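The values are calculated or read from the model by the stated rules, or taken from the named source; none is laboratory data. Since the structure is predicted, the reported quantities are computational estimates derived from the model, not experimental observations. Glycine also receives a Cβ, built like all others from the backbone with ideal geometry; neighbour counts cover every protein chain displayed. What goes into the accessible areas is simple: the full protein's heavy atoms, side chains included, and nothing from ligands, DNA or RNA. Shrake-Rupley method; radii C 1.70, N 1.55, O 1.52, S 1.80 Å.
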Amino acid sequence: MTHGDLQFDGQGRLRHLLTIEGLPRQTILEILNTAESFISVGEREIKKLPLLRGKTVVNLFFESSTRTRTTFEIAGKRLSADVINLNPAASSTTKGETLLDTVRNLEAMHTDLFVVRHRESGAAHLIAQHVPAHVHIINAGDGRHAHPTQGLLDMFTIRRYKGPFENLRVAIVGDILHSRVARSQIHALTTLGAADVRVVAPMTLLPTAIERLGVRVFTDIKTGLDGADVIITLRLQRERMNGALIPSEQEYFNLFGLTQEKLAYAKPDAIIMHPGPMNRGLEIDSAVADGPQSVILPQVTNGIAVRMAIMAIIMGGSAAGPAPSEVRRTE
Amino acid sequence: MTHGDLQFDGQGRLRHLLTIEGLPRQTILEILNTAESFISVGEREIKKLPLLRGKTVVNLFFESSTRTRTTFEIAGKRLSADVINLNPAASSTTKGETLLDTVRNLEAMHTDLFVVRHRESGAAHLIAQHVPAHVHIINAGDGRHAHPTQGLLDMFTIRRYKGPFENLRVAIVGDILHSRVARSQIHALTTLGAADVRVVAPMTLLPTAIERLGVRVFTDIKTGLDGADVIITLRLQRERMNGALIPSEQEYFNLFGLTQEKLAYAKPDAIIMHPGPMNRGLEIDSAVADGPQSVILPQVTNGIAVRMAIMAIIMGGSAAGPAPSEVRRTE
Amino acid sequence: MTHGDLQFDGQGRLRHLLTIEGLPRQTILEILNTAESFISVGEREIKKLPLLRGKTVVNLFFESSTRTRTTFEIAGKRLSADVINLNPAASSTTKGETLLDTVRNLEAMHTDLFVVRHRESGAAHLIAQHVPAHVHIINAGDGRHAHPTQGLLDMFTIRRYKGPFENLRVAIVGDILHSRVARSQIHALTTLGAADVRVVAPMTLLPTAIERLGVRVFTDIKTGLDGADVIITLRLQRERMNGALIPSEQEYFNLFGLTQEKLAYAKPDAIIMHPGPMNRGLEIDSAVADGPQSVILPQVTNGIAVRMAIMAIIMGGSAAGPAPSEVRRTE
């Protein structure tokens, strides 16, 4: 499934953010650079820019996530948009037709941006295929498919702490099989030219043919972490496991939970990341999560700036919109 | 039940909007004309007017409705009001006394407008009888009684597409018995002088003595739609049916569901309306709902402008308030 | 448990509001005086001040309370802050560790103020111990411990109606045992030098050794109310009663429910207060609640001004923040 064309308008400007797969390196860099200029907004006394004043942003969360919804609500409000939170019962929109009726109604209200989370892969894509030219879509997580804003904030964080991607060995550890976050990270890392991207997981938590995405596969954490500059631990999606994919939580922690001992396999200055929320004592030990190499909380801080950047870029591109020229720069 | 006096203040200005029944023709026209001037706001880059800045609007939805609540939230925010969403559990306010305690508390916070939805007919009316002079009430649907903002946005839509009411034949099709929307439409259409207002439904979905409201009754859809300029289909309120009022959903669709075949009975340029949300394949076929004669999505767009107009008119009338003179015009 | 030090920063400025216990008289008076200057804001046409523009206030309600949440949402918005409402499921944050993860994530988003309600005593205190210097906490009710904003708005109301505290006899009637409100009121009244503070309740609803807080205990309402200037009735917290602490609701009303007859024991100009929501016919009779001596609704009005004052004071103290000099005065 490629969304390349759908994400850009006729003039080649980013119109939606649905997936990182197929996104040009230059577009990713523009987002990261714009986000750099937004970092300072969060540190000001008055954390407010007028870029999206008079725009209506709809948080359309068919799958509930207080945490992710909050980051988009804050990002939108700091850009002066009006933000509307909607949490339609998933039950009433199981049929694609009804999902589209919901969306058509909202766009008829002259809303400008939908931030969409849905348990079904492809939901944001389906919506983007049907909205008129002035409506923008950001995918905030669809099934197992993609979570591009998380992937981009992770790239932003890696770049801030570890410099150019060309020299980096990045290990993504844990439940790759169910993780839309891992997919988005892998596409971003390979596009940005990371030297060595690895997935580290038990066989039962690895999708078939994951190597085709350009990663190396490790089922042993010792060799998987060897020499890593960046370690990304993933949340064990307990709620998504239908069968017995792991023998027990204790055994999973023993084999793949990130502890100080296992951390020793990586480079001494490796950074530790996690998309949150963490299962402490399952995929990550508290000593590591709260230790000096952890950049888990900076990821959250960066997430606001990256989401502001994405909103400003895709909505600033509209014909008569206020061009956010003062906050954009190119590499 | 007449609310005529209650809806106007001592100077004859509209203070609350509780029902269309008894509302003077001139008042309805003032709302429609004001809404015309707000239509362009939704099409601007910056969809924001300062008319209600510093006012507090409370969406007080005892009965849940994400869709209607959203339209009022957007309308209030576009007028720069602060909007507070409340969804009190119906259980805790079953007694009138407690309902009034809730309202008295909110008005003690110096709130300015309550948008009230409640499953019991007369709830908005009861509240309006007890609030002090500076507090305004909009009825967003009370039981089977009234849904006046829906009725007014429907009139706005009819006027935009079909010109003066004096020449129009309007057919309202479906579950008239349980529909507060139908009641509000009928009162508006008769006040505005529509030439021929018809209700078309099986006997079991018609209130007794509905003719007294000034409509003609048809139980056969072929004759009911004959020569119609406007067809309004109603949502089949499945959740309100206590007994077996229709033989089966399939049979209902066969007899009263609006299809291309049945549409042929009406005028070739008839418009199709529906208050939403639609049961596709039950009261309306998708080919009709999405067809060239459908104005169902324009109804939603118009709903924002009409609700902005109502808010601006009832709140602009306060003594020291900012007079929305620049957006009002009279016929 | 004393939070005195935690509530002030190094320069002796109020940084958090966790409890009234240990709060200096001068600080309480500064809050009440600042609130006086905010009362007029609620009576203006444009109820808006720019003091907290660009600040992010998070209503973090682990225990649901539409009513209290609304007062803080209105107070924050009238000060021009961005307000985010969160209602984390209590289940997902039963462990202190996870509670802190939630908070750390929110503070990483550069939020400025958490208004915290939690069913466990000490929750707001725990959070305040862990946030960085630029984040402020207001306790909006923690278990049976404290509800300081309620206590302060009650003091504000008493001062407005009955003048200096030194001359006052105040009777707090009802479920003292489970009431965080009563604790906050007692600390405030004794700090402000009220002449005579009394608790009036059946033995089963009195905490042991309550006298140590500086109150006199009465189990008979007739002697308890004798000569009172102020009567505060408490909500009977039915949901908190594990056992049979009262014989029956009817008997409780007969013995402790405030009626016109019992009111006659107090001074003729005594005022009647209640923190709401009321159980009419249980702890208070409607004739008293709605009678001429009741100041229950003014309490709600004052609550907005007092909460605005607390927000402005604790957030105005930050280094580069806009000093709310125009709205503060000292006694």
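For the reader, a short list of remarks on this structure follows.
- Residue match in segment C:258-274 (condition: within 13 Å of another protein chain (Cβ to nearest Cβ), under 26 Å from the mean Cα position of the chain (by Cα), open to solvent by 30 Å² or more (accessible area, probe 1.4 Å) and modelled with pLDDT of 90 or more): no
- Sole residue being open to solvent by less than 40 Å² (accessible area, probe 1.4 Å), in contact with a His (Cβ under 8 Å, 6 or more places away or on another chain) and modelled with pLDDT of 95 or more, chosen from A:L23, A:L52, A:L17: A:L23
- One residue stands out in segment A:198-219 among those that are free of Cβ contacts under 8 Å to residues at least 12 places away in the same chain and charged (D, E, K, R): the one that is least open to solvent (accessible area, probe 1.4 Å), namely A:E211.
- Flag for C:R183 being open to solvent by 40 Å² or more (accessible area, probe 1.4 Å), assigned to a helix (DSSP H, G or I) and closer than 15 Å to C:P275 by Cβ: yes
- Residue check, C:E63 out of contact with any helix residue (DSSP H, G or I) (no Cβ under 9 Å at 6 or more places or on another chain) and surrounded by 17 or more Cβ atoms within 10 Å (Cβ to Cβ): no
- Among the residues of segment B:151-159, none qualifies, meaning not one is open to solvent by 10 Å² or more (accessible area, probe 1.4 Å) and aromatic (F, W, Y).
- Test result for A:T301, more than 16 Å from A:V200 (Cα to Cα), in contact with a helix residue (DSSP H, G or I) (Cβ under 7 Å, 6 or more places away or on another chain) and open to solvent by 10 Å² or more (accessible area, probe 1.4 Å): yes
- Every listed requirement among (1) in contact with a Leu (Cβ under 6 Å, 6 or more places away or on another chain); (2) of a type in the set (A, V, I, L, M, F, W, C); (3) open to solvent by 50 Å² or more (accessible area, probe 1.4 Å) is met by C:I46 save one, (1).
- Taken over segment C:275-287, the criterion of being polar (S, T, N, Q) and modelled with pLDDT under 95 is satisfied by C:N279 alone.
Every residue, every condition in (1) free of Cβ contacts under 8 Å to residues at least 60 places away in the same chain; (2) under 19 Å from B:T19 (Cα atoms); (3) touching a Pro at 6+ places or on another chain (Cβ under 7 Å), yes or no:
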site	(1), (2), (3)
B:S64	yes, no, no
B:I74	no, no, no
B:A81	no, no, no
B:L113	no, yes, no
B:H130	yes, yes, no
B:H134	no, no, no
B:I137	no, yes, no
B:A140	no, yes, no
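- Any hit, segment C:86-104, residues being open to solvent by 10 Å² or more (accessible area, probe 1.4 Å), more than 10 Å from chain A (Cβ to nearest Cβ) and in contact (Cβ under 8 Å) with a residue 40 or more places away in the chain: no
- Being crowded, with 23+ Cβ neighbours inside 10 Å and either touching a Leu at 6+ places or on another chain (Cβ under 8 Å) or free of Cβ contacts under 8 Å to residues at least 12 places away in the same chain (or both) is true of C:A124.
- Only one of the numbered conditions (1) open to solvent by 20 Å² or more (accessible area, probe 1.4 Å); (2) modelled with pLDDT of 90 or more is violated by B:G141, and that is (1).
- Residue that is nearest to the chain's Cα centre (by Cα), among those in segment A:1-51 that are among the small types (G, A, S) and part of a loop (DSSP other than H, G, I, E, B): A:G22
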